[in-house]
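Data first, discussion second: the structure below is written as structure tokens.
Just so it is clear, none of the values below were taken in a lab; they were calculated from the coordinates. Note that the structure is a prediction, hence the values are computed from the model and not measured. Cβ coordinates were reconstructed from backbone atoms using ideal geometry, including for glycine residues, and neighbour counts include every protein chain displayed.
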Amino acid sequence: MLPNQNVPLKCVAPYTAYCMNKSVRISVCLVVLLFACLDTIESSETIVKSNVSYTSVTDLAFVEANKKLVYGNVNPELQYGLLWLPESTTSNKNPPLIVMIHGGCWLNAFDIQHSYPLSSALAQAGYAVWSLEYRRTGDVGGAWPGSFDDIRQGLAFTSKLSAYPVDLDRMVIMGHSAGGHLALLAASENQDIDAVIGLAAITDIVEYSRGKNSCQTATIDFMGGMYEANPAAYEAANPVGKPLNDKTILLHGDIDAIVPLEQSQLAGATQVVSEGAGHFDWVHPDTGAYQLLLSTLRDLYPDT
């Protein structure tokens, strides 16, 4: 049983970008307001941070990916993955592979770049990272089911990573926020992986779509309408009721204002709560939440 983690606080500031249509632009503006209105608290007694802002994540330094590889030919500008490789490992084995799926309310306003610090930090910790960009709401062919189709393609492409020093027999699928939703769906179709890790993951898209914050209301754009108008699509897109990997681990902060803590209560999954952690702590390597993520990975791969 993994322990809860007690950590301090900081704030959440806005995503900024532009989407293609009016309804999505409205969603982005509301997300900006949501992220901007959260309180800021910072501990002066420790360098470990919590409840960090989005901009504090995007301001972080990172190491460039070793390779950019295109997995899809419909829109190669968006259907690609970035491969980070560790400079060295603590064993004679090739490093395990983390397939990373970034979040951002499924909106095309929020791309892969904000996950660079996390991916490069994980590589520095000894893991190979295959981070997927994909079409999102506002992109031609994006939203449901196109976004998930891209994730499927990106996962299938992992077989071609055998040309690199990566152990494809040791693989985790991991996603943050809306990316956690896609990660859980992908894991339900790929039972041979070692684990799936949700970082503040959206696990019940039906319930999430009924919420009032701007990321929750963006679910309706992603799904092309409300649940009552298209229940079959929502059921297909909902991790609830899908087969779970034996090691489905949901890491969540108890003061997450974007994805409620209740979303980490998925039957059959292991819930791990980081006290005092906010939504973006999981993608910021200077937080207690990130240390909890590293501990979770070490439990899976003690020799890494």
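Couple of notes before you dig in:
- Restricting the calculation to alpha carbons of the range 140-181 gives Rg and Dmax of 12.4, 34 angstrom.
- √(5λ) per eigenvalue of the Cα gyration tensor, the range 57-112, largest first, Å: 25, 16, 11
- Counting every other Cβ atom within 10 Å of each residue's Cβ, F157, F110 order from fewest to most as F157, F110.
- Placing a pseudo-label 7 Å from each Cα along the Cα-to-Cβ vector at Q124 and V70 gives an inter-label distance of 3.2 nm.
- With N counted as the residues of the range 92-213, its alpha-carbon radius of gyration over 2.2 N^0.38 Å works out to 1.05.
- Between Q265 and D246, the contour length at 0.36 nm per residue exceeds the Cα-Cα span by 5.3 nm.
- Additional length obtainable on full extension of the chain from D192 to S91, 0.36 nm per residue less Cα span: 34.0 nm
- Counting every other Cβ atom within 10 Å of each residue's Cβ, R135, R210, R152 order from fewest to most as R210, R152, R135.
- On the beta carbon distance between R210 and D299, with R0 = 30 Å, the FRET formula returns roughly 0.30.
- Dividing the convex hull volume of the alpha-carbon atoms in the range 131-201 by its residue count gives 87 Å³ per residue.
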